[in-house]
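Below: one structure, written as structure tokens.
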Amino acid sequence: MEIINREISWLHFNSRLLQEANDNSVPLLERLKFLGIYSNNLDEFYRVRVASINRLIEFNRKNYPKKVKQSEGLMQEIVSFIDERQIEFNNIKTRVLDELEQKGIFILNETELNEKQQVFIKKYFHEHILPGLMTLILKRSTDLTSLPDGTIYLAVDLGKKDITAKREYALIQIQDDKLSRFVVLPEAQNKKYVIRLDDIIRSCLSDIFGVFGYSHFNAYTIKITRDAEIDLYGNVSKSFIDIVAESIKKRKTGAPVRFIHDKNMPEPLVSLVSNCLKIKKSKNVVKGERYHNSKDFMDFPKLLGEEYVYKNIEALPHRDLKSNVKILSSVKKKDILLHYPYNSFSVIVNMLREAAIDPKVKSIKITLYRLANDSKIISALINAARNGISVTAFLELKARFDEEQNIYWSNKLEEAGVKIIKTISGIKVHSKLILIRTKENGVNYYYSNISTGNFNEKTAQLYSDLSLLTANQELCIEVGKVFYLIESAYQIINFDHLVVSPLYTRNIFMELIENEIKNAQLGLPAWINIKLNSFTDSVFVDKIKEATEAGVKVRISARASCSLISLTNKKLQTIGIVDKFLEHSRVYMFCNNNDNKIYIGSSDLMIRNLDTRIEVCVPIYSKEIQKELLDIFDIQFMDNTKARDWSSKEANSIRVTAETKKVRTQFEIYEYLKILNS
């Protein structure tokens with residue numbers, strides 16, 4: 001067995017996205033999108049993980065000098081890994097762009113335009129780009145520490161006809177985030193052409209600087225990545241919303257953790273920009289290619305037919321939900337498990353929409369973490385409040401990179417009369433819960449939804465998640481206890497059914513693993529199946545290792561990070577699946593001497609999920625749904641197309657199975673559910 005570092009494990013996951021970009025069986029435009037997702041993920045990795053390691057190094061340097069070498073060693077390993085992948089990234093990008101050209105789509109630069117295209121971009125520049133440009137003349141005294149990251153910058157080397165004149169420099173920022181990075185040019189000879197926004201600006205530099213006597217211009221794309229951690233504590237005189245809002249502003253000016261520049265950029269200009277950014281360490285300055293922000297490939301124009309993108313699947317109707325029956329009435333009869341995106345998220349929206357106008361409904365409570373930009377969930381909650389129903393919502397203002405939007409929705413809901421539960425200091429609420437209370441024959445009756453994913457219409461089409469609808473009153477009452485836990489700012493509460501972090505998840509799952517160990521030692525059936533995003537908690541890593549050594553068969557499907565892999569232990573199988581949909585559900589299954597205990601929920605096995613977040617996992621009591629989950633888990637381990645074998649000595653190799661045919665988990669699950677719901 002081998003235990004690997006969390007950050008390195010995550011980088012292996014991100015590398016699997018490169019494998020998808022390099023896979024000829026993946027539609028061409030999807031391959032381009034995978035390049036964009038890889039780049040976007042890497043940016044976030046720098047903003048969060050690399051920034052945290054940098055802070056740890058500085059902290060250790062001042063307080064624990066002996067630990068500095070270990071942290072610096074990890075950073076060197078990370079940089080080396082990323083540098084190797086960058087070479088791979090560039091090679092794959094070249095191949096994908098070559099294939100685009102074979103399909104008649106060409107990305108041109110400013111030197112390759114015909115006369116008609118030059119006229120087009122000149123007009124486009126003046127009408128759409130120039131009004132949103134910010135231009136700074138750079139001097140040694142210029143302060144760029146307030147420059148936000150995540151946008152395009154051009155560092156410009158300016159020259160005059162008089163070659164003895166002193167060189168001058170400028171910085172251009174595109175401030176209009178509504179502009180697409182890629183602009184479609186007029187077609188020519190049945191070929192389609194695209195140009196980058198930065199190259200349009202390069203072509204029109206004389207329109208900006210010519211009137212000031214400059215005659216020579218060279219522009220170089222640069223990219224800044226900043227520390228994205230925000231300081232949420234320390235000022236008790238301000239409301240939490242004010243603190244978060246101020247911290248978001250500070251994030252935009254966080255310390256640079258990476259400054260990438262065109263490798264052809266003159267050294268005096270590199271030095272000047274580094275000085276203006278207050279970057280003192282050369283290791284934070286990286287020589288790159290001509291273009292940065294490859295994340296923009298995620299929004300590349302759709303200039304090819306439908307066969308070059310993944311086809312949208314037709315959402316499957318659930319066998320227990322009828323079009324002429326209220327959703328809550330169906331849930332009252334039996335538990336219902338939804339599988340996104342194979343089943344439609346509209347079930348949840350429609351359930352809230354029906355509840356908003358149902359005279360029996362007296363209250364709705366919901367936890368919200370990440371929402372769609374045009375959220376129908378919010379609309380349904382506002383509608384319910386306007387109809388006199390008591391609506392309570394918890395919006396997690398500390399959801400990283402969604403803080404600003406959640407503040408916006410919090411204000412909108414409050415304006416409509418929704419009660420907003422204030423966030424809890426030091427604790428994130430990551431659970432995904434809905435509780436609906438009705439009055440039926442004079443008695444309170446409850447319905448709950450416990451999900452592994454966000455109440456977000458957009459991500460529900462892209463993420464593979466599970467969502468349990470139940471009218472089991474014991475479960476519903478405990479969901480109510482979770483809301484009391486949140487509203488009372490975190491009190492110790494007992495739960496008999498739900499597994500709730502940070503109170504009990506660690507202990508309960510430890511006990512369940514220990515039970516499997518005891519059964520294995522007694523010669524009884526003993527196995528554990530776990531599906532999750534990340535498995536990095538060192539205590540659980542050690543416990544699972546102990547379980548396999550005791551004879552417990554363990555299978556782990558970890559999409560992102562997995563700190564425990566097996567190179568020799570046949571009792572442990574670990575895989576990671578990357579495919580069309582992002583695998584996001586969390587499922588915990590224990591044999592329990594063939595009286596299976598199965599849970600789904602919001603928690604990964606990471607320190608933050610176990611100890612610093614309110615997470616909820618719900619037991620699955622329905623034998624029918626238990627079988628459904630076990631079957632689907634088995635399908636995952638039959639995959640020999642998109643499942644990477646963590647246990648292989650060759651990182652990210654496709655898992656070899658006994659199956660003679662090609663098995664692709666997400667396609668097989670769709671067919672399985674199609675039959676199940678027919």
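The values are calculated or read from the model by the stated rules, or taken from the named source; none is laboratory data. Source: prediction; values computed, not measured. Neighbour counts run over all protein chains shown; Cβ positions are idealised from the backbone, glycine included.
Close Cβ contacts (under 8 Å, 6 or more residues apart or on different chains) running from residues in the range 606-620 that are touching a residue at least 24 places away in the same chain (Cβ under 8 Å) to residues that are surrounded by fewer than 18 Cβ atoms within 10 Å (Cβ to Cβ) and among the polar types (S, T, N, Q) comprise Ile620/Gln626.
For a quick check of your reading: which helices (runs of 4 or more DSSP H) sit entirely within the range 1-75 and have at least 3 residues that are over 30 Å from Glu549 (Cα atoms) and modelled with pLDDT under 85?
Details: elements: 6-21, 28-45, 51-63.
Output list reads 51-63.
Here Glu514 meets each of (1) charged (D, E, K, R); (2) closer than 24 Å to Leu11 by Cα; (3) part of a helix (DSSP H, G or I) with one exception, condition (2).
Within the range 651-667, the only residue that satisfies the criterion of being touching a helix residue (DSSP H, G or I) at 6+ places or on another chain (Cβ under 7 Å) and surrounded by 17 or more Cβ atoms within 10 Å (Cβ to Cβ) is Thr665.
The rows are residues; the columns are (1) assigned to a helix (DSSP H, G or I); (2) modelled with pLDDT of 95 or more.
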position: Glu624; (1), (2): yes, yes
position: Glu628; (1), (2): yes, yes
position: Asp631; (1), (2): yes, yes
position: Ile635; (1), (2): yes, yes
position: Asp639; (1), (2): no, yes
position: Lys649; (1), (2): no, no
position: Ile669; (1), (2): yes, yes
position: Tyr672; (1), (2): yes, yes
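Each residue in the range 11-26 was checked for being out of contact with any helix residue (DSSP H, G or I) (no Cβ under 8 Å at 6 or more places or on another chain) and of a type in the set (A, V, I, L, M, F, W, C), and 1 pass. Cβ-Cβ contacts under 6 Å between residues 6 or more apart (or on different chains), taken from a first residue in the range 84-112 that is closer than 15 Å to Leu185 by Cα to a second residue that is assigned to a helix (DSSP H, G or I) and among the basic types (Lys, Arg), are listed as Glu110/Arg202. Annotation note: of Asn454, Asn441, the sole residue that is outside the structural domain of Ile600 (by TED's automatic domain parsing), polar (S, T, N, Q), at pLDDT 90 or above and out of contact with any strand residue (DSSP E or B) (no Cβ under 8 Å at 6 or more places or on another chain) is Asn441.
Would you confirm whether or not the range 378-395 contains a residue that is basic (Lys, Arg), in contact (Cβ under 8 Å) with a residue 40 or more places away in the chain and not assigned by TED's automatic domain parsing to the domain that holds Ile625? Break it down into steps so the answer makes sense when it comes.
Filtering the range 378-395 down to residues basic (Lys, Arg) leaves 386.
Imposing the further condition that a residue be in contact (Cβ under 8 Å) with a residue 40 or more places away in the chain reduces the set to none.
Scanning the range 378-395, I find no residue that is basic (Lys, Arg), in contact (Cβ under 8 Å) with a residue 40 or more places away in the chain and not assigned by TED's automatic domain parsing to the domain that holds Ile625, so the answer is no.
Of the set (1) modelled with pLDDT of 95 or more; (2) surrounded by fewer than 23 Cβ atoms within 10 Å (Cβ to Cβ); (3) part of a loop (DSSP other than H, G, I, E, B), all apply to Ser603 but (2).
Here is a yes/no grid of residues against (1) at pLDDT below 90; (2) not basic (Lys, Arg):
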residue: Asn190; (1), (2): yes, yes
residue: Tyr193; (1), (2): no, yes
residue: Asp199; (1), (2): no, yes
residue: Arg202; (1), (2): no, no
residue: Asn218; (1), (2): no, yes
residue: Thr221; (1), (2): no, yes
residue: Arg226; (1), (2): yes, no
residue: Glu229; (1), (2): yes, yes
residue: Gly234; (1), (2): yes, yes
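Being under 30 Å from the mean Cα position of the chain (by Cα), under 16 Å from Ile201 (Cβ atoms) and of a type in the set (Val, Ile, Thr) is the requirement here; does Ile92 meet it? Spelling it out, it is not the case that Ile92 is under 30 Å from the mean Cα position of the chain (by Cα), under 16 Å from Ile201 (Cβ atoms) and of a type in the set (Val, Ile, Thr). If you go through the range 141-160 and keep only what is part of a loop (DSSP other than H, G, I, E, B), out of contact with any helix residue (DSSP H, G or I) (no Cβ under 6 Å at 6 or more places or on another chain) and at pLDDT 80 or above, you end up with Ser141, Asp143, Thr145, Ser146, Leu147, Pro148, Asp149, Thr151, Lys160. Scan the range 8-43 for residues that are among the acidic types (Asp, Glu) and touching a Phe, Trp or Tyr at 6+ places or on another chain (Cβ under 8 Å) and the total you get is 2. If the condition is being modelled with pLDDT of 95 or more and in a helix (DSSP H, G or I), then the range 91-115 contributes Asn91, Ile92, Lys93, Thr94, Arg95, Val96, Leu97, Asp98, Glu99, Leu100, Glu101, Gln102. Among the residues of the range 501-549, those identified as farther than 24 Å from Ser602 by Cβ and free of Cβ contacts under 8 Å to residues at least 40 places away in the same chain are Ile517, Lys518, Ala520, Gln521, Leu522, Gly523, Glu546, Glu549. No other residue among Ile78, Ile121 is under 20 Å from Val285 (Cβ atoms), in a helix (DSSP H, G or I), β-branched (Val, Ile, Thr) and in contact (Cβ under 8 Å) with a residue 12 or more places away in the chain apart from Ile78. If you go through the range 485-500 and pick out every residue that is among the small types (Gly, Ala, Ser) and touching a residue at least 40 places away in the same chain (Cβ under 8 Å), you end up with 1.
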